[in-house]
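J.: The structure is given below, and queries will be raised subsequently.
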Amino acid sequence: MKPIVAIVGRPNVGKSTLFNRFTGGRTAIVEDTPGVTRDRLYRDAEWLGREFTVIDTGGIEFYGKGGIIETKVKQQAQLAIEEADVILFVVDGKAGISPDDEAAANLLRRSNKPVVLAVNKIENYQNQDLIYEFFNLGLGDPIPISAAHGMNTGDLLDVIAQNFPPDTAEDLPPETVKIAVIGRPNVGKSSLVNKILGEERLIVSDVAGTTRDAIDSLFEQDGKHYVIIDTAGMRRRARVLEPTERYSVIRSLRAIDRSDVVLMLIDALDGVTEQDKKIAGYAHEAGKGMIIVVNKWDALAKDDKTMNRFDRQVREEMAFLHYAPILYISALTGQRVNKILEIVDFVAEQQNLRVTTARLNEVIDEALAVTPPPTDKGHRLKIFYVTQIGVKPPKFVLFVNEPELLHFSYERYLENQFRKNFGFEGTAIWFIIRKRE
Ligand code: GDP
Ligand code: GDP
């Protein structure tokens, strides 16, 4: 369970500077994937071995009644109260307390969520006195920091981490496949979940050990166990203003993090949207099993070419998910809904595949012989050795002479050779490149 930390505060207090400091230093295992729409709103970070997700609520747009943009900091606070495990409230030490700070603090104080108060832009000892007035916010001890200079930010993270919920293991039967149903509001998530559960034997809902805002349903089919993580159910319980498109992304993150396989729902009537790409990009980078589910297929006027056209559009718009099966369903009529668990099983198997080192190296040798790597300024890539170091997603270490010589296009070629020989359908593959003399 990755806790979520939401950074709240007025514009210009230093939220994004702090966000970058928390998340920037971390080296990603996966290279940037072309075609993934990046959303700098949320990112993973780590402190003392515990992973967490940081959200900069400053990037979120809020709409109130009649589409008016609401006072931001109050809305941020409200969102954080609903969604986050720990709220980091940032104020500007040089500017002092503003009415907006007070309004947000009033909301935060009345919530049951842990709030950590950071006073930013305190870069030297002469400025330490500036923090005292912030005791008046009634949010406990203000912590002086400088986000820009990295001063005291480690101590701040210590306090944040002390407020994380305990890292409880989920109490599930072994080999349970966890399925997240993801998609924009109204795409049909609840309808699909109900359809699947309606046809299966429900064992329990609200599995012990899961957090308050996740509604999990555990069920069994043919002796196999599944959990469906229902984000739509979470939405129904939220009391906040009508979410904007972007808003529901946050809830989806948590579900994706906890899942093995993601059902990425696309509305047949709308096609692939920007938000679909962002959320799918996140799941892809997290290395989850992916199935693209086009819903409301009943509602589309079709001819014999419609499915092909749709396939092409999805492949083009979500090129990074080239490995994910596409399924056309209707949650309303139940058309092909019974195929879903079959494909989930298949993807779960593929993401756990292990290939022997001998077989891997045979395939690499053959791939190198058929299409040798291109030379770059007279140098040519050599691959000495490959071995698999993990599953879910399958991870491989490639020992090479010069890592810079492995270009994206050649890496894609190797990936395709792996897929041709071993499958890995529905799962990302991670290559970790190591230099060997
Ligand atoms: P946000 O709007 O809350 O996300 O604020 P930003 O992170 O964009 O920062 C707003 C301004 O404050 C920028 O010009 C930053 O360079 C500056 N700033 C951020 N942290 C510090 C700090 O620790 N000290 C000082 N003096 N300026 C800072
Ligand atoms: P959620 O917000 O993603 O949970 O979406 P819902 O399951 O609440 O569905 C939103 C609306 O779309 C409801 O009116 C559903 O009846 C409708 N809907 C869901 N699935 C289908 C489908 O396969 N075909 C059609 N025509 N309508 C659907």
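The values are calculated or read from the model by the stated rules, or taken from the named source; none is laboratory data. Quick caveat: nothing in here was measured; it's all calculated off a predicted structure. Cβ sites come from the backbone with ideal geometry, for glycine too, and all protein chains shown count toward neighbours.
J.: Can you report the number of residues in region 274-301 which are more than 13 Å from ligand 2 (Cβ to nearest atom) and either hydrophobic (A, V, I, L, M, F, W, C) or on the phi < 0 side of the Ramachandran plot (or both)?
T.: Number of matching residues: 15.
J.: Related question: Look at region 78-120 and say how many of its residues are more than 16 Å from Gly58 (Cβ to Cβ), within 15 Å of ligand 1 (Cβ to nearest atom) and in a loop (DSSP other than H, G, I, E, B).
T.: The total comes to 3.
J.: Yes or no: region 303-321 includes at least one residue that is surrounded by fewer than 16 Cβ atoms within 10 Å (Cβ to Cβ), free of Cβ contacts under 8 Å to residues at least 24 places away in the same chain and under 20 Å from the mean Cα position of the chain (by Cα).
T.: no
J.: Here is a follow-up. Kindly list the number of the only condition in (1) in contact (Cβ under 8 Å) with a residue 60 or more places away in the chain; (2) surrounded by fewer than 22 Cβ atoms within 10 Å (Cβ to Cβ); (3) over 15 Å from Gln351 (Cβ atoms) that fails for Ala299.
T.: The failed condition is (1).
J.: Being closer than 30 Å to Met264 by Cβ and modelled with pLDDT of 95 or more is the filter here, so list the residues in region 128-177 that pass it.
T.: Val177
J.: I've got another one for you. Check Asp276, Asp345 and return the single one that is surrounded by fewer than 20 Cβ atoms within 10 Å (Cβ to Cβ) and more than 16 Å from ligand 1 (Cβ to nearest atom).
T.: Matching residue, one of Asp276, Asp345: Asp345.
J.: Please go through region 322-335 and pick out each residue that is touching a helix residue (DSSP H, G or I) at 6+ places or on another chain (Cβ under 8 Å) and either crowded, with 21+ Cβ neighbours inside 10 Å or in a loop (DSSP other than H, G, I, E, B) (or both).
T.: Of everything in region 322-335, those that are touching a helix residue (DSSP H, G or I) at 6+ places or on another chain (Cβ under 8 Å) and either crowded, with 21+ Cβ neighbours inside 10 Å or in a loop (DSSP other than H, G, I, E, B) (or both) turn out to be His322, Tyr323, Pro325, Tyr328, Ile329, Ser330, Ala331, Leu332, Thr333, Gly334, Gln335.
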